[in-house]
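Asker: Have a look at this one before I ask anything.
The values are calculated or read from the model by the stated rules, or taken from the named source; none is laboratory data. All values reported here derive from a predicted model rather than from experimental measurement. Neighbour counts run over all protein chains shown; Cβ positions are idealised from the backbone, glycine included.
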Amino acid sequence: MKILLCAVIVLAAVGAAWRTSEPTIGTDGAQWSINTDLAAVEVALPDPHDALNVSGFAVPSVHAVSAVELADGTLRAFWFGGSREGAADVSIWTATLSPGAEAWSEPNVAISREDCEADVDRTIRKLGNPVAAIDGDGRLWMFFVSVSVGGWSGSAVNAVSSADEGQTWGPVERLVTSPFANISTLVKGPAWPLKDGAIGLPVYHEMVSKFPQILRIETDGNRAIVEGRQTPAGSRETIQPWVVPTSPTDAVTFFRRVGDTEARVHVSRTSDSGKTWSTPTPCDLPNPNASVAAANLGGGRILLAFNDKDNSRKDLSLAITDDNGDSWTRLGSVETKKRLPDEKDIDRLEYSYPWLMRTRSGEVHLLYTWNRKQIRHLRLPRPSHATEEATP
């Protein structure tokens, strides 16, 4: 027992030093790379009956979707799937939706557990949480977690890239992100390009203490190197940061709350490109220890997808803020515990891990886990006059 206690104390001390001593991502040249002329778009509550099945029926269990827009407007989605979460047969899957198409392509495996083992030269027990990004050179990247020992708190982050938008992939590389034997780092929220060509990647840690970080990642061909990090002050017990840049220097971040108190969506802000962040504070939306997603609608408004319950993931809802998260207007529920015909045989309803994105044309898309059986996709309907107004 004494040995275990000493080990915990040492890990806590090392973790504290790691959080405070590393260089931050913000530099004079590392502003957020965003379109400052983003046209405002209107969204409305979608009908769940209109949802597209992204993941098909290849495997019985799927979770944790992310997506990016490719050069021609195609959407490419990634998720993990297998017989169950954490099983040895789980792989990272992908599918595409071409512009104007009404169905997603047949899913295929992007990275298997065996692929990852061979490239990083170590035993891998399970894979999870893929996050896609496109760097300043137009190269497609996927960051995902793997576990060699223990549970998800023992995860490491891996990077793999593609020069042909996901048709083929280079070697998997294990990133150096943590002092805990390079474990206890996970990804969930979207990455974004910085003006100097680097990638900003939100991550979070779960070993000893739970806290978020923003990584600065430099890329060179198919190599990715962590060059800096920043931890929002006072951010313990908040994870899975979702960063929404609103100007080249300003951004707001939304967090999943994992503590025993203040079970609300938490919010932090920066006005210096991530050099400093405000202490995360609760807003008036509930958070049942569940992931959230956000999208910049332009015109000073941000859309949030969240579980509108204190203790369950049976209600996936949308809300809008025009003051960076201080106050919210609820649009309503996308999915609720009211069972649809195809849910009558499901024991435990769950609508979780949403992914929101706005495309270059101004379209807004919501993807999410549907009962751990499908990844579903909804286009958020807009008034017909908004189409021309949304084009930058």
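Asker: Quick one: is residue 165 touching a residue at least 60 places away in the same chain (Cβ under 8 Å) and in contact with a His (Cβ under 7 Å, 6 or more places away or on another chain)? Walk me through how you get there before you give the answer.
Answerer: Values: touching a residue at least 60 places away in the same chain (Cβ under 8 Å): yes; in contact with a His (Cβ under 7 Å, 6 or more places away or on another chain): no.
For residue 165, the condition - touching a residue at least 60 places away in the same chain (Cβ under 8 Å) and in contact with a His (Cβ under 7 Å, 6 or more places away or on another chain) - is not met.
Asker: Between a residue in region 369-381 that is free of Cβ contacts under 8 Å to residues at least 40 places away in the same chain and any residue that is surrounded by fewer than 20 Cβ atoms within 10 Å (Cβ to Cβ), which pairs come within a Cβ distance under 7 Å, given they are 6 or more apart or on different chains?
Answerer: Note: pairs meeting the criteria are 371/343; 371/346; 371/349.
Asker: I'd like to check which strands (runs of 3 or more DSSP E) are fully inside region 240-305 and have at least 3 residues that are of a type outside the set (S, T, N, Q), in contact with a Leu (Cβ under 8 Å, 6 or more places away or on another chain) and buried (at least 23 other Cβ atoms within 10 Å of the Cβ).
Answerer: Working: elements: 251-257, 264-270, 281-286, 293-298.
Once the strands (runs of 3 or more DSSP E) in region 240-305 are filtered for at least 3 residues that are of a type outside the set (S, T, N, Q), in contact with a Leu (Cβ under 8 Å, 6 or more places away or on another chain) and buried (at least 23 other Cβ atoms within 10 Å of the Cβ), what remains is 293-298.
Asker: Could you check, for region 370-387, whether at least one of its residues is of a type in the set (Phe, Trp, Tyr) and in contact with a Leu (Cβ under 8 Å, 6 or more places away or on another chain)?
Answerer: Within region 370-387, not a single residue is of a type in the set (Phe, Trp, Tyr) and in contact with a Leu (Cβ under 8 Å, 6 or more places away or on another chain).
Asker: If the requirement is being within 22 Å of the chain's Cα centre (by Cα), of a type in the set (Asp, Glu) and surrounded by 14 or more Cβ atoms within 10 Å (Cβ to Cβ), which of these qualifies: 343, 363?
Answerer: 363
Asker: (1) within 18 Å of the chain's Cα centre (by Cα); (2) among the polar types (S, T, N, Q); (3) assigned to a loop (DSSP other than H, G, I, E, B): which one isn't true of residue 324, the others all being true?
Answerer: Condition not satisfied by residue 324: (1).
Asker: Additional query: Only one of (1) modelled with pLDDT of 95 or more; (2) over 20 Å from residue 369 (Cα atoms); (3) of a type in the set (Val, Ile, Thr) is not met by residue 270, so which one is it?
Answerer: Among (1) modelled with pLDDT of 95 or more; (2) over 20 Å from residue 369 (Cα atoms); (3) of a type in the set (Val, Ile, Thr), residue 270 violates only (1).
Asker: Residues in region 111-147 that are basic (Lys, Arg) and assigned to a strand (DSSP E or B): how many? Outline the logic, then answer.
Answerer: In the first step, residues of region 111-147 are kept if they are basic (Lys, Arg); the result is 113, 122, 125-126, 139.
Still in the list and also assigned to a strand (DSSP E or B): 126.
Residues in region 111-147 being basic (Lys, Arg) and assigned to a strand (DSSP E or B): 1 in total.
Asker: Look at residue 164 and say whether it is within 19 Å of the chain's Cα centre (by Cα) and not polar (S, T, N, Q). If you could, list the steps in order and put the result at the bottom.
Answerer: Working: within 19 Å of the chain's Cα centre (by Cα): no; not polar (S, T, N, Q): yes.
No; evaluated as a whole, the condition is false for this residue.
Asker: If you don't mind, there's one more thing I want to ask. Could you tell me which numbered condition residue 178 fails, if it satisfies all but one of (1) crowded, with 16+ Cβ neighbours inside 10 Å; (2) among the small types (Gly, Ala, Ser); (3) at pLDDT 95 or above; (4) in a loop (DSSP other than H, G, I, E, B)?
Answerer: Evaluating residue 178 over (1) crowded, with 16+ Cβ neighbours inside 10 Å; (2) among the small types (Gly, Ala, Ser); (3) at pLDDT 95 or above; (4) in a loop (DSSP other than H, G, I, E, B) leaves (3) as the failure.
Asker: Any idea which of 229, 125 is touching a helix residue (DSSP H, G or I) at 6+ places or on another chain (Cβ under 9 Å), modelled with pLDDT under 90 and crowded, with 17+ Cβ neighbours inside 10 Å? Steps first, please.
Answerer: Details: 125 fails: modelled with pLDDT under 90.
Just one listed residue meets the conditions, 229.
Asker: Restricting attention to region 135-151, does a residue exist that is under 24 Å from residue 355 (Cα atoms), at pLDDT below 95 and of a type in the set (Ser, Thr, Tyr)?
Answerer: no
Asker: A further question follows. What single numbered condition from (1) of a type outside the set (Asp, Glu); (2) within 27 Å of residue 38 (Cβ to Cβ); (3) touching an Asp or Glu at 6+ places or on another chain (Cβ under 9 Å); (4) surrounded by fewer than 20 Cβ atoms within 10 Å (Cβ to Cβ) fails to hold for residue 316?
Answerer: (4)
Asker: Additional query: Could you figure out which of (1) of a type outside the set (Gly, Ala, Ser); (2) at pLDDT below 90; (3) part of a loop (DSSP other than H, G, I, E, B); (4) touching a strand residue (DSSP E or B) at 6+ places or on another chain (Cβ under 9 Å) isn't true of residue 165?
Answerer: Only one criterion in (1) of a type outside the set (Gly, Ala, Ser); (2) at pLDDT below 90; (3) part of a loop (DSSP other than H, G, I, E, B); (4) touching a strand residue (DSSP E or B) at 6+ places or on another chain (Cβ under 9 Å) is unmet by residue 165, namely (2).
The rows are residues; the columns are (1) more than 21 Å from residue 278 (Cα to Cα); (2) within 17 Å of the chain's Cα centre (by Cα); (3) in contact (Cβ under 8 Å) with a residue 60 or more places away in the chain.
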site: 184; (1), (2), (3): yes, yes, no
site: 190; (1), (2), (3): no, yes, yes
site: 198; (1), (2), (3): yes, no, yes
site: 205; (1), (2), (3): no, yes, yes
site: 215; (1), (2), (3): no, yes, yes
site: 220; (1), (2), (3): yes, no, no
site: 234; (1), (2), (3): no, no, no
site: 247; (1), (2), (3): no, no, yes
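Asker: Separate question: Quick one: which residue in 190, 232, 212, 202 is part of a loop (DSSP other than H, G, I, E, B) and either under 20 Å from residue 66 (Cβ atoms) or polar (S, T, N, Q) (or both)? Lay out the reasoning, then the answer.
Answerer: Working: 232 fails: either under 20 Å from residue 66 (Cβ atoms) or polar (S, T, N, Q) (or both); 212 fails: part of a loop (DSSP other than H, G, I, E, B); 202 fails: part of a loop (DSSP other than H, G, I, E, B).
Just one listed residue meets the conditions, 190.
Asker: Any residue that is without any contact (Cβ under 8 Å) to a residue 24 or more places away in the chain, among the basic types (Lys, Arg) and more than 18 Å from residue 288 (Cβ to Cβ) - is there at least one of those in region 324-333? Let's see the steps before the verdict.
Answerer: Applying the first criterion (without any contact (Cβ under 8 Å) to a residue 24 or more places away in the chain) to region 324-333 yields 329-330.
Within this subset, residues satisfying the condition of being among the basic types (Lys, Arg) are 330.
Checking which are more than 18 Å from residue 288 (Cβ to Cβ) leaves us with none.
No, every residue in region 324-333 fails to be without any contact (Cβ under 8 Å) to a residue 24 or more places away in the chain, among the basic types (Lys, Arg) and more than 18 Å from residue 288 (Cβ to Cβ).
Asker: Here's a follow-up. Scan region 78-110 for residues that are surrounded by fewer than 13 Cβ atoms within 10 Å (Cβ to Cβ) and either part of a strand (DSSP E or B) or of a type in the set (Ser, Thr, Tyr) (or both) and report the count.
Answerer: 1
Asker: Pairs please, first residue from region 258-283 and over 20 Å from residue 229 (Cβ atoms), second anywhere and among the aromatic types (Phe, Trp, Tyr), Cβ atoms under 8 Å, 6+ apart in sequence or on different chains.
Answerer: Final answer for the pair search is 265/254; 265/255; 265/306; 267/254; 267/255; 283/328.
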